[in-house]
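Before any comments, here is the structure.
The values are calculated or read from the model by the stated rules, or taken from the named source; none is laboratory data. The structure displayed is predicted, hence computed values, not measured ones. Because the Cβ atoms are built from the backbone with ideal geometry, glycine has one as well, and the counts that use them run over all protein chains shown. Note: areas computed on protein heavy atoms with side chains; ligands, DNA, RNA excluded. Shrake-Rupley method; radii C 1.70, N 1.55, O 1.52, S 1.80 Å.
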Amino acid sequence: MSLLRSLFAIKPVESSLSADNSLKRTLGLKELIVLGVGAVIGAGIFVITGQTAAEHAGPAITLSFVIAGLAAALAALSYAEFAAMLPVSGSAYVYAYATFGELLAWFIGWNVVAEYLLAVSSVAVGWSGYSVGLLHSLGLQIPDVLTHAPLSFKDGQLAVTGAWFNLPAVLVVAALTGLLYRGTQQSTLFASMVVVLKVIVVLLFVVFGLQYVDPALWTPYMPANQGGDHYGWSGVFRAATSVFFAYIGFDAVATAAQETRNPQRNVPMGILISLAICTVLYIIVAAVLTGLVPYPQLATAEPVATALAAHPQLAWLKLLTQVGAVAGLTSVILVMHLGLSRILYSMAGDGLLPRFFGAVHAQHRTPHRTTLLVGLVGGLLAAVFPLSLLGDLLSMGTLLAFSTVCIGVLVLRRTHPNLPRGFRVPAAPVTCTLGVVVCLFLLLQMNKENWLLLAGWTAVGMLIYIGYGFRHSRLRRASK
């Protein structure tokens, strides 16, 4: 096999479907919806919504969520078709391997690794902000040097803050790593209870917050552009890119396919139902939030609590919201952590990563080594870097993965037209093309510093592929 052909060798769909599954199939439709809602309703709704309104979009943040939701919906339809055809762990990485070949599959897989790793760490930073606020409401104070990142990121520049490290963020990652080490079923049971709590809190915020909304705060709906991506249409598009990572949850549903009962039916339904629920909630919450206080006041670590604090009549809801936010962000970290360990497990199964990443615990039947590794690296990132930087990089990885999956549906329709599909994208040529266009448009809103960081991450990944993956690929060995 020539070098070029080997780099773009496609893993047969039949090979993925017949692969040995050492993971337990314990998840049903209800658990998948819990995973999806648990991953989506988190940092986006409790943290990023307010911050992006303050810095980029103003009240037009609702429009940003509509744009981001449209892109996510178009990609979700493609994910649903792939998940019904290939109900295995790995999500976009596996889909790319079956359509574009090994090199591009590695590229997407490596960026999906960054996507999930940054999700774990960025949401942990958001969790820290609300947990510190909750403790303060209860009369407990943690020194600032232990609750903030030592680095800040604004207008494309990194700066030193004087803080030591973000201790609460490290502690929550460590605790959830231990829970995931024990088993998936126990983890989803915990997530189910947390999801119910945070959805109740979100609904209470909407119902009671609406009574104090001042429509005058929505005027002007789209503040005039103040240069760069601060307000105006450029700010709306920039905010849509920043909040896009909030929709990563349905990707996490796809990564759990190999642990799902009747995945051909349950995974597509889990993806679409969880996305629909969360998109509606995001738009409503964004409207209420910007109607409670002037949008510039939302540039805090806990913007929902900040908005409620401006209305003494809602003091009781502020405390409850802090509890719900801490619980909600906990479930997001849990689901993202679970998804990443399964992606690394799949890549190791293909020989592109060392066997260390594919080890399964004899008793718990979980990829325990990757679970511990994700906890270690995710905790380190959360300790050092601010949410603004982590969130932007996370959105870039998400948009790249979504674009690839949309294209992949069209490719597989041509190369495997007779493959059984439990779900089909309606009007696929139009739907998938729109998905790619919208995702790439949002990618172009990122500043050059983020592109440079993405390029650096990609370069590291390619060195790993050249040094290890290329030589140990099981697909290449089988073709010799």
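Couple of notes before you dig in:
- Scanning region 306-342 for residues that are of a type in the set (D, E, K, R) and either free of Cβ contacts under 8 Å to residues at least 40 places away in the same chain or open to solvent by less than 20 Å² (accessible area, probe 1.4 Å) (or both) turns up just one, Arg342.
- Scanning region 390-435 for residues that are assigned to a loop (DSSP other than H, G, I, E, B) and either within 30 Å of Val47 (Cα to Cα) or open to solvent by 40 Å² or more (accessible area, probe 1.4 Å) (or both) yields His416, Pro417, Asn418, Pro420, Gly422, Phe423, Arg424, Pro426, Ala427.
- Looking across region 220-252, just one residue is among the polar types (S, T, N, Q), touching a residue at least 12 places away in the same chain (Cβ under 8 Å) and out of contact with any helix residue (DSSP H, G or I) (no Cβ under 6 Å at 6 or more places or on another chain), and that is Ser234.
Residue-by-condition table, conditions (1) part of a helix (DSSP H, G or I); (2) modelled with pLDDT of 80 or more; (3) over 30 Å from Ala348 (Cα atoms):
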{"position": "Ala72", "(1), (2), (3)": "yes, yes, no"}
{"position": "Leu77", "(1), (2), (3)": "yes, yes, no"}
{"position": "Ala84", "(1), (2), (3)": "yes, no, no"}
{"position": "Val88", "(1), (2), (3)": "no, no, no"}
{"position": "Tyr95", "(1), (2), (3)": "yes, no, no"}
{"position": "Gly139", "(1), (2), (3)": "no, yes, yes"}
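- Single match in Thr433, Thr415, Thr404 (criterion: of a type in the set (Val, Ile, Thr) and over 20 Å from Leu103 (Cβ atoms)): Thr433
- Scanning region 131-145 for residues that are open to solvent by 10 Å² or more (accessible area, probe 1.4 Å) and on the phi > 0 side of the Ramachandran plot turns up at least one hit.
- Within region 201-237, the set of residues being on the phi < 0 side of the Ramachandran plot, in a loop (DSSP other than H, G, I, E, B), surrounded by fewer than 16 Cβ atoms within 10 Å (Cβ to Cβ) and not hydrophobic (A, V, I, L, M, F, W, C) comprises Asp214, Thr219, Pro220, Tyr221, Asn225, Gln226.
- As a summary of the residue check, Val123 satisfies the conditions (1) at pLDDT below 80; (2) under 23 Å from Gly324 (Cβ atoms); (3) among the aliphatic types (A, V, I, L, M) except for the one numbered (1).
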